[in-house]
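Input: a single structure, listed below in structure tokens.
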Amino acid sequence: MNIKVLGCNGGVGPGLRTTSFLVNGTMLLDAGTGVCDLSPAAMEAVRHIFFSHAHLDHVAGAAFLMDVVYDAEGSGVTLHGTDTTLDVLQNHLFNWALWPDFSKLPSEEEPTMRFARVEQGVPVDVDGLRLLPVAVQHTVPAVGYVVQDGRATFAFSGDTATNDSFWSALNALDQLDKLIIEVSFPAEEAEIGAITRHYTSATLAADLEKLEHRPELLITHNKPGFEAKIQAELPGLLKGWAVRFLQRGDIISI
């Protein structure tokens with residue numbers, strides 16, 4: 001599998017893009033502002049978007065992608081998410097008020113965009129990949145994903161705080177090669193981490209004690225302004241782990 005990091009920041013700023021990962025050129029895990037750096041041709045190649053949840057920093061790029069691929073040849077783009085996530089996208093984004101409803105354009109019979117419901121624990125097969133939605137803990141209903149191609153396995157947490165469900169699902173796997181995991185705040189920001197339900201360096205280190213695999217850890221979603229503190233303290237808290245802090249434009253091969 002080939003994963004391109006389009007966005008891996010917990011906010012925007014010069015050179016910062018929010019969460020989106022392009023897998024094998026045709027599938028997105030989340031569609032934050034990083035999507036907007038794709039060329040029109042690269043956008044037109046996308047056939048599936050799997051959303052972890054409906055917060056703006058994970059969905060905003062989908063609106064602009066649809067605008068680009070509207071008149072492209074092909075079967076359109078399928079948006080995968082939980083009932084809650086799809087409800088938000090349909091009623092609050094693609095609603096004709098904030099943005100056009102591309103599930104009805106150019107026609108309801110041949111739309112640019114389709115919706116497909118995912119359920120926790122029920123795998124979805126697309127483009128030679130199997131994606132398993134896994135429950136996590138955030139301020140809104142959210143899932144992470146396990147992605148497999150029959151040879152390798154990686155997992156993506158999306159946004160989450162301390163939980164048991166994600167780690168139990170990972171422990172049930174035969175293998176886990178890489179783990180894309182969020183850390184939004186340094187350890188000293190425990191209160192805001194708890195309020196917003198994001199990992200801090202310390203809470204991630206504690207939860208990793210639950211994991212029976214030893215994947216490479218790919219750290220994402222540092223909030224702007226906290227990057228230096230997180231990157232200074234996390235390796236000391238995760239001694240013995242292979243840790244990589246993701247950057248926009250990185251390529252991950254599995």
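The values are calculated or read from the model by the stated rules, or taken from the named source; none is laboratory data. It should be emphasised that the depicted structure is a prediction, and the values quoted were computed from it without experimental measurement. All Cβ positions, even for glycine, are placed from backbone atoms using ideal geometry, and neighbour counts span all protein chains on display. These area figures cover heavy atoms from the full protein model, side chains too; ligands, DNA and RNA do not enter into them. Shrake-Rupley method; radii C 1.70, N 1.55, O 1.52, S 1.80 Å.
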Charge sum, other residues only, whose C-beta stays under 9 Å from residue 52's C-beta, Lys/Arg counted +1 and Asp/Glu -1: -2
Under the Karplus curve 6.51 cos²θ - 1.76 cosθ + 1.60, θ = phi - 60°, whole-Hz ³J(HN,Hα) for segment 124-135, x wherever Gly or Pro sits: 10, 9, 9, 6, x, 10, 10, 10, 10, x, 10, 5
Expected 222 nm ellipticity per residue - DSSP helices of 4 or more, -39500 (n - 2.57), all of the chain, to 500: -6000 deg cm²/dmol
J(HN,Hα) series, segment 40-49, from Karplus relation 6.51 cos²θ - 1.76 cosθ + 1.60, nearest Hz, glycine and proline x: x, 5, 5, 5, 5, 7, 6, 10, 9, 10
Point-to-point label distance, residue 56-residue 26, nm (Cα→Cβ direction, 7 Å offset): 3.4 nm
Heavy-atom SASA rank of 49, 192 (probe 1.4 Å, accessible area, largest first): 192, 49
Within the chain, longest stretch clear of exposed GluC sites (Glu not before Pro) (DSSP loop, no more than 16 other Cβ within 10 Å): 120-211
Descending principal axes extents, segment 61-103, alpha-carbon based, whole Å: 30, 22, 16
Solvent-accessible area of residue 251 with every protein chain in place, 1.4 Å probe, in Å² to the nearest 10: 80 Å²
Degrees, to the nearest 10: 56-69 long Cα axis against longest axis of the chain: 30 degrees
Which of 184, 107 is most accessible, then next, and so on - probe 1.4 Å: 107, 184
Degrees separating the helix 227-237 axis from the principal Cα axis of the chain, which is the longest one: 50 degrees
Surface per residue (accessible, 1.4 Å probe) for segment 1-93, Å²: 35 Å²
Nearest-20 debye value, the chain charge dipole, Cβ charges on Lys, Arg, Asp, Glu: 520 debye
³J(HN,Hα) computed for each position of segment 82-92 - Karplus, 6.51 cos²θ - 1.76 cosθ + 1.60, integer Hz, glycine/proline x: 5, 3, 5, 5, 5, 4, 5, 4, 6, 8, 10
Carbon/sulfur fraction of accessible area - the chain, other protein chains in place, 1.4 Å, %: 51 percent
Diffusion coefficient, µm² s⁻¹, Stokes-Einstein with Kirkwood Rh over alpha-carbon pairs of the chain at 37 °C and 0.692 mPa s: 180 µm²/s
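Mind ranking 75, 201 by accessible surface for me, highest first, 1.4 Å probe?
Result of the area sort, largest leading: 75, 201.
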In Å², nearest 10: area of residue 196 left accessible to a 1.4 Å probe: 40 Å²
Residue 241 accessible area, 1.4 Å probe, all protein chains in place, Å² to nearest 10: 40 Å²
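About its Cα centre, what dipole magnitude does segment 78-162 give when the only charges are +1 on Lys and Arg Cβ and -1 on Asp and Glu Cβ, stated in debye to the nearest 20?
The calculation lands at about 240 debye.
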